[in-house]
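**Student:** Take a look at the following structure, please.
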Amino acid sequence: MKLLLDTQILLWSISESRRLSGPTRELLARKENELVFSVASLWEVALKTAQGRSDFRVDVSVMRRNLVENGYEELPVTSAHVAGLAGLPAIHKDPFDRMLVAQALVEGITLLTSDATVARYPGPIRRV
């Protein structure tokens with residue numbers, strides 16, 4: 001199964017945070033699952049790091065390199081993803097989360113999120 005990790009799950013996975021539940025860790029560790037990160041997540045981390053947010057103190061270049069080296073697939077933002085935003089209900093205001101939802105819908109891959117609001121969108125979204 002292809003799994004698109006939302007930004008928070010992505011940060012927790014690379015930092016081996018205890019915030020990830022045991023079942024989520026197992027899901028991410030399964031060899032048959034393909035782990036995907038969005039360029040939108042890297043963009044979000046870069047912006048929030050530049051704003052001085054303490055929960056986003058990450059070198060994006062190092063983060064990207066480590067993700068790629070560990071077998072994560074990079075998902076660019078395409079015009080099809082942007083067009084997919086138009087059909088989303090106004091459940092969530094965060095533009096990065098909305099892009100991740102649009103990408104999951106357009107690509108037909110499961111978005112993993114810890115955000116209850118994001119999980120309210122219809123489609124391949126799984127709250128962990």
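The values are calculated or read from the model by the stated rules, or taken from the named source; none is laboratory data. What you are looking at is a predicted structure, and each value in this text was computed from that prediction instead of being measured. Cβ: placed from backbone, ideal geometry, glycine included. Neighbour counts: every protein chain shown.
**Student:** Scan Val45, Val68, Val62, Val58 and give me the residue that is among the aliphatic types (A, V, I, L, M), over 18 Å from Leu105 (Cα atoms), part of a helix (DSSP H, G or I) and touching a residue at least 24 places away in the same chain (Cβ under 8 Å).
**Tutor:** Details: Val68 fails: touching a residue at least 24 places away in the same chain (Cβ under 8 Å); Val62 fails: touching a residue at least 24 places away in the same chain (Cβ under 8 Å); Val58 fails: part of a helix (DSSP H, G or I).
Being among the aliphatic types (A, V, I, L, M), over 18 Å from Leu105 (Cα atoms), part of a helix (DSSP H, G or I) and touching a residue at least 24 places away in the same chain (Cβ under 8 Å) holds for just one of Val45, Val68, Val62, Val58, which is Val45.
**Student:** Of the residues in the stretch 86-102, how many are assigned to a loop (DSSP other than H, G, I, E, B) and β-branched (Val, Ile, Thr)?
**Tutor:** Going residue by residue through the stretch 86-102, those that are assigned to a loop (DSSP other than H, G, I, E, B) are 86-94.
Filter again for β-branched (Val, Ile, Thr), leaving 91.
Count: 1.
**Student:** Going by the conditions given, is Val77 aliphatic (A, V, I, L, M), in contact (Cβ under 8 Å) with a residue 24 or more places away in the chain and assigned to a helix (DSSP H, G or I)? Even if it seems obvious, please write down each step before you answer.
**Tutor:** Details: aliphatic (A, V, I, L, M): yes; in contact (Cβ under 8 Å) with a residue 24 or more places away in the chain: yes; assigned to a helix (DSSP H, G or I): no.
Answer is no for this residue.
**Student:** Taking Thr7 and the conditions (1) over 11 Å from the mean Cα position of the chain (by Cα); (2) within 21 Å of Leu75 (Cβ to Cβ); (3) not aliphatic (A, V, I, L, M), which numbered condition does it fall short on, given that it satisfies the others?
**Tutor:** Of the numbered conditions (1) over 11 Å from the mean Cα position of the chain (by Cα); (2) within 21 Å of Leu75 (Cβ to Cβ); (3) not aliphatic (A, V, I, L, M), the odd one out for Thr7 is (1).
**Student:** While we're looking at this one, here's another question. Let me confirm something: among Leu35, Leu105, which residue is part of a strand (DSSP E or B) and touching a Gly at 6+ places or on another chain (Cβ under 8 Å)?
**Tutor:** Details: Leu105 fails: part of a strand (DSSP E or B).
The match here is Leu35.
**Student:** Run Leu11 past the list (1) modelled with pLDDT of 95 or more; (2) part of a helix (DSSP H, G or I) and report the number of the one that doesn't hold.
**Tutor:** (1)
**Student:** So, one more: Given (1) under 13 Å from the mean Cα position of the chain (by Cα); (2) outside any helix (DSSP H, G or I), identify the lone condition not met by Ala116.
**Tutor:** Looking at each condition in turn, Ala116 falls short on (1).
**Student:** Then there's this: Identify the single condition in (1) outside any helix (DSSP H, G or I); (2) over 12 Å from the mean Cα position of the chain (by Cα) that Ala83 does not satisfy, given that it satisfies every other one.
**Tutor:** For Ala83, the exception is condition (1).
**Student:** Scan the stretch 14-32 for residues that are in contact (Cβ under 8 Å) with a residue 60 or more places away in the chain, of a type outside the set (A, V, I, L, M, F, W, C) and either surrounded by 15 or more Cβ atoms within 10 Å (Cβ to Cβ) or not in a loop (DSSP other than H, G, I, E, B) (or both) and jot them down.
**Tutor:** Answer for the stretch 14-32, where residues must be in contact (Cβ under 8 Å) with a residue 60 or more places away in the chain, of a type outside the set (A, V, I, L, M, F, W, C) and either surrounded by 15 or more Cβ atoms within 10 Å (Cβ to Cβ) or not in a loop (DSSP other than H, G, I, E, B) (or both): Pro23, Thr24.
**Student:** Which of the residues that make up the stretch 56-76 are exposed (fewer than 15 other Cβ atoms within 10 Å of the Cβ) and among the hydrophobic types (A, V, I, L, M, F, W, C)?
**Tutor:** Passing the criteria: Val62, Val68.
**Student:** Is at least one residue of the stretch 79-88 at pLDDT below 95, surrounded by 12 or more Cβ atoms within 10 Å (Cβ to Cβ) and over 16 Å from Phe37 (Cα atoms)?
**Tutor:** No, the stretch 79-88 has no match at all.
**Student:** Would you confirm whether any residue within the stretch 45-55 is among the aliphatic types (A, V, I, L, M), over 17 Å from Leu3 (Cα atoms), surrounded by fewer than 19 Cβ atoms within 10 Å (Cβ to Cβ) and within 17 Å of the chain's Cα centre (by Cα)? Lay out the reasoning, then the answer.
**Tutor:** Within the stretch 45-55, the first condition is being among the aliphatic types (A, V, I, L, M), and the residues that meet it are 45-47, 50.
From what's left, over 17 Å from Leu3 (Cα atoms): 45-47, 50.
Filter once more, so that each one left must be surrounded by fewer than 19 Cβ atoms within 10 Å (Cβ to Cβ): 46-47, 50.
Imposing the further condition that a residue be within 17 Å of the chain's Cα centre (by Cα) reduces the set to 46-47.
Looking through the stretch 45-55, at least one residue is among the aliphatic types (A, V, I, L, M), over 17 Å from Leu3 (Cα atoms), surrounded by fewer than 19 Cβ atoms within 10 Å (Cβ to Cβ) and within 17 Å of the chain's Cα centre (by Cα).
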